[in-house]
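Report on the structure given below.
The values are calculated or read from the model by the stated rules, or taken from the named source; none is laboratory data. No experiment lies behind these values; they were computed from the predicted model shown. Cβ: placed from backbone, ideal geometry, glycine included. Neighbour counts: every protein chain shown. Note: areas computed on protein heavy atoms with side chains; ligands, DNA, RNA excluded. Shrake-Rupley method; radii C 1.70, N 1.55, O 1.52, S 1.80 Å.
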Amino acid sequence: LTTLTLHRSAQPSRLNHHPHPQYSPSPALSPMSLITLTVKVYYSVGVAGTYALHIGLHQQQRPLPGSPFRLHVSPGAASASSTGLPSQQLLPIFGVVGEAEHQGCHLVLPTYDRMRNRCVSGGGNVRCTCIDDSVQTSTIDNGDGTYELTWRAEHSGYFEAVIFIANEPIDVRPHRWA
């Protein structure tokens, strides 16, 4: 929802007789001759990006003064239903036994919002877990919509891991999003 406030010149008596007063951008108007008209504009944009929002005055068949308006749409919060393993990720994920920083299994997970826009900032509620309590897990928010996930164990084996976004598990099949 965007609220735009416009100023139109009109005589009060004209407003009672005509529902669409003419727009007159005269700098010589006194404050008493201006009325304020607030227009609520509803729009839905599914793809993040920068757009030119054109708004026209239908009755006068001309654009609203100042139109087009610059509209910037950012990706929403990370979503479990739209995020999956990167398409190049092979399963299972292999690593080196040990608890040092360079050891363990590592995965950089890009996240996507519910409209499948790639997230470009951090702050998502992303965490990795493992069914085996002996496996140490960590999640690092890289601040760019990606998260470094790490699983470390002192012994080798296959472990069942789950990745959550906002307490919902992601689909572990690799995804390809444009």
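Of note:
- Top-ranked residue in region 43-52 [being in a loop (DSSP other than H, G, I, E, B) and open to solvent by less than 60 Å² (accessible area, probe 1.4 Å); ranked as farthest from ALA166 (Cα to Cα)]: VAL45
- Boolean, ASP132 is at pLDDT 95 or above and either part of a loop (DSSP other than H, G, I, E, B) or out of contact with any Ser or Thr (no Cβ under 6 Å at 6 or more places or on another chain) (or both): no
- Of all the numbered requirements in (1) surrounded by fewer than 18 Cβ atoms within 10 Å (Cβ to Cβ); (2) at pLDDT 95 or above; (3) assigned to a strand (DSSP E or B); (4) not charged (D, E, K, R), GLY143 misses one, and that requirement is (3).
- Taken together, the criteria place PHE164 among residues that are touching a Cys at 6+ places or on another chain (Cβ under 8 Å), at pLDDT 95 or above and farther than 14 Å from PRO75 by Cβ.
- Test: residue in region 48-60 that is of a type in the set (S, T, N, Q) and modelled with pLDDT under 80: yes
- Residue match in region 85-95 (condition: farther than 22 Å from VAL172 by Cβ and either in contact (Cβ under 8 Å) with a residue 40 or more places away in the chain or not aliphatic (A, V, I, L, M) (or both)): no
- Listed here are the strands (runs of 3 or more DSSP E) enclosed by region 53-122 that have at least 3 residues being open to solvent by 50 Å² or more (accessible area, probe 1.4 Å): 69-73.
- Look at (1) over 21 Å from VAL45 (Cβ atoms); (2) in contact with a His (Cβ under 9 Å, 6 or more places away or on another chain); (3) open to solvent by 30 Å² or more (accessible area, probe 1.4 Å); (4) modelled with pLDDT under 95 and you find that GLU148 fails only one, number (4).
- Pairs, first on the phi > 0 side of the Ramachandran plot in region 147-173, second outside any strand (DSSP E or B), C-beta under 6 Å, six or more apart: ALA166/ASN125
- Among the candidates THR3, THR38, residue that is exposed (fewer than 10 other Cβ atoms within 10 Å of the Cβ), among the β-branched types (Val, Ile, Thr) and modelled with pLDDT of 50 or more: THR38
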